[in-house]
Structures are given as structure tokens and as C-alpha cells.
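One structure is given below, encoded as C-alpha cells.
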Amino acid sequence: MTTEVLARARAGDGAAFRELTEPYRRELLVHCYRMLGSIQDAEDVLQDTLLAAWQGLSGYEGRAAPRTWLYKIATNRCLNARRSAARRPAKAWDVPQVEPPEPTRLGEVVWLEPFPDTMLPEASFERTESVSLPFVTALQTLPPRQVAVLILRDVLGFHAAEVAEMLDASVESVKSALKRARAAMPAPAPAEPPVEDAVVARFVAAWQSADVAALVALLTDDVFMSMPPIPFEYVGRDAVARFSAAIFGAGRRFDLVPTRANGQPAFGAYLRGTDGLSHGVGLYVLTLAGDRISALTRFENGVLPRFGLPRSIPTP
């Protein structure tokens, strides 16, 4: 940033303001998504952040880097959103002609949404487990202040003193919040790419042929399946097998279109119809552990356009 660009932005030059903020737009969106779990909410808060930055330029003296200044605004807007906004409510099961088995339990993070890999920044740290669905889901279960501290310190690498200034807190309280947040987070288990390719190929073959036995053979013993905003959760091979059998019942067959979400393999799921088309019914995101699938997350078909996927495709 140059003093000249900042001066022009303060004078009301919109192009100068965009030059000041545009390099950080994508990473700020990911930051808001991590904190909120919903890409729709993240986009709303990002717009609010940029508006607040534009309106607050007169108070920005340039002592902190523009990135730090913007993260301070975004983080506090996210904290306000987590404290005050009504989360997306749970939704009743509504899949026609399918009677699901009794769920293992009911989940609480029903507002979770997938994040398209195509919207991630190019920076390598954004393509690690720090955007994975297990990580983002776990963040939603922490108190808001702990979420902010964990992301700012461990993911983004800000110093404790910087985080304390962002949150108007003491360094000691930041260190304490970070310790508690770390203790509550699960350990990541990323899969190697060659293993991922093989597992994904087997998953596609099993799902498209409705082969429950082949699907179950790919799962870890403690596999976890969720489907926000429907709160049903299934834990363990037997539970996921029963759910899959219900989905494949009555001759229902699917075609899968590959994509990626949250740094993980994902698929648009299309139910074969009688009109020569397969109609989009949802998006599945796989979480891998070595050469097995440790979690499947199903999202509704409303997310398909974000991934550039159509509502229907010709049946092969």
C-alpha cells in the first residue's frame, strides 16, 4: 500500500479503496466462513466489513497493515453475527419415497454449508485441513471468542499481541482462550492424494451401482454421516449402511458429478428420472482417513449452483 492510494481512498475514490481491499477479499471470505460455517452468512458479513472499512477510513492511520486492519473489522463483525443472528433452523426430512432409519443422534450445526474450492485463495494454507468440513464444524461448537482466537493465531498466524488488539482483550486472555480452543479441537487426518484418487473411484462405482456392501467396505468403523439442515446424524458402518439402503430403495439410482468442497472430494448427486434426465438432489462431501471414508456430509440441491453444477443432466 502507498500513502497516495490511502489518501485517494479517504478522499472518496472508490477505485483506490478497491485497490486497497481487493487483494484480501477472498481470504476474508474464507475467514468469515470459518467463523460462521455458512457461506451465505460469510458473504453478508464480508459486505458489511467492506462497508465498515469504507466508512471508517478516516480513523485508519496506516499503523497496522491493511490486512490486519481488515481482519480486525471482519472478526468483530463475525463475532457480532454469531452472538446475535438467528441460525438457520433445522429442517424436517423431505425426501420423497424414502423412509430414513432412526438416526443415531440429532446434530446441532444444521446451518453448515459447503465451500467451493474454486472460491479459495491461491495461498497454500487455504487448501489444508483448516477449511475442511470437520474443522469448520468443530469451530461452530466453540464459544465465539475462542473461535476467533484459534483462527487468528493458529490458522492465520497473527501474534498474540495483534489478536489482543483486534479483540480489545489482554494478551493473557488471548493465550488462555487459545489453550482452551486447542484442547477442544479434533486432530486432523488428511489423506494422501494417490489414496484419495483410489478411494474416490471406488466410492463412485459403489454409489452409482447402488452396491451397499462395496460402499460399506470403504468406510471406517466409526464413520459419521450428517445432512444439514436436516439434523439426522448416523454413526458407524451399520447405521450408514441402513441409511444408504433406504436411499437406494425402490430402484432409485444416481449419477455423480465430481467437484471439490472444503479441500475435499465432493459430488453432485443426480437421481435418474423417467424423462431421460437425472435431477440434482444434493451434494456429497467425503472426508478421508487414509484409504477409508471417515465421514459423508450431504447437502441439499440448493448448493449445486455455487459449484457450477446444473439442476439436471442427461441420464447416461
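Residue by residue, here is whether (1) among the acidic types (Asp, Glu); (2) in contact (Cβ under 8 Å) with a residue 24 or more places away in the chain holds:
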{"site": "29", "(1), (2)": "no, yes"}
{"site": "48", "(1), (2)": "yes, yes"}
{"site": "55", "(1), (2)": "no, no"}
{"site": "68", "(1), (2)": "no, yes"}
{"site": "77", "(1), (2)": "no, yes"}
{"site": "81", "(1), (2)": "no, yes"}
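Select, from 191, 198, 239, the only residue that is at pLDDT below 95, over 22 Å from the mean Cα position of the chain (by Cα) and not in a strand (DSSP E or B).
So the residue among 191, 198, 239 that is at pLDDT below 95, over 22 Å from the mean Cα position of the chain (by Cα) and not in a strand (DSSP E or B) is 198.
Determine whether residue 72 is touching a residue at least 60 places away in the same chain (Cβ under 8 Å), surrounded by 17 or more Cβ atoms within 10 Å (Cβ to Cβ) and of a type in the set (Lys, Arg). So residue 72 fits the description; yes.
Could you look through region 75-89, keep only residues that are within 18 Å of the chain's Cα centre (by Cα) and among the aliphatic types (A, V, I, L, M), and pick out the one that is surrounded by the most Cβ atoms within 10 Å (Cβ to Cβ)? So, considering only residues that are within 18 Å of the chain's Cα centre (by Cα) and among the aliphatic types (A, V, I, L, M), the one surrounded by the most Cβ atoms within 10 Å (Cβ to Cβ) is 81. A single entry from 310, 305 fulfils the requirement of being surrounded by fewer than 18 Cβ atoms within 10 Å (Cβ to Cβ) and assigned to a loop (DSSP other than H, G, I, E, B): 310.
Confirm whether residue 20 is more than 30 Å from residue 232 (Cα to Cα), out of contact with any Lys or Arg (no Cβ under 8 Å at 6 or more places or on another chain) and not hydroxyl-bearing (Ser, Thr, Tyr).
Yes: the conditions hold for residue 20.
One residue stands out in region 32-64 among those that are part of a helix (DSSP H, G or I) and among the polar types (S, T, N, Q): the one that is surrounded by the most Cβ atoms within 10 Å (Cβ to Cβ), namely 49. So is residue 118 touching a Phe, Trp or Tyr at 6+ places or on another chain (Cβ under 8 Å), under 30 Å from residue 3 (Cα atoms), among the β-branched types (Val, Ile, Thr) and in a helix (DSSP H, G or I) or not? Taking the combined requirement at face value, the residue does not satisfy it.
Residues of region 247-265 that are crowded, with 16+ Cβ neighbours inside 10 Å and either under 18 Å from residue 287 (Cα atoms) or among the aliphatic types (A, V, I, L, M) (or both): 247, 256, 257, 259, 260, 261, 262, 263, 264, 265. Taken over region 1-35, the criterion of being polar (S, T, N, Q) and under 14 Å from residue 73 (Cβ atoms) is satisfied by 21 alone. Scanning region 9-22 for residues that are under 13 Å from residue 60 (Cα atoms) and either charged (D, E, K, R) or not assigned by TED's automatic domain parsing to the domain that holds residue 68 (or both) yields one hit, 10. Here is the figure for region 271-280: residues that are assigned to a strand (DSSP E or B) and surrounded by fewer than 20 Cβ atoms within 10 Å (Cβ to Cβ) total 3.
Screening residue 272 on (1) of a type in the set (Lys, Arg); (2) free of Cβ contacts under 8 Å to residues at least 60 places away in the same chain; (3) within 30 Å of residue 130 (Cβ to Cβ) shows it passes everything except condition (3).
The values are calculated or read from the model by the stated rules, or taken from the named source; none is laboratory data. Only a predicted model underlies this, so the values are computations on that prediction, with no experimental measurement involved. Heads up, the Cβs are rebuilt from the backbone with ideal geometry, glycines too, and the neighbour counts pull from every protein chain shown.
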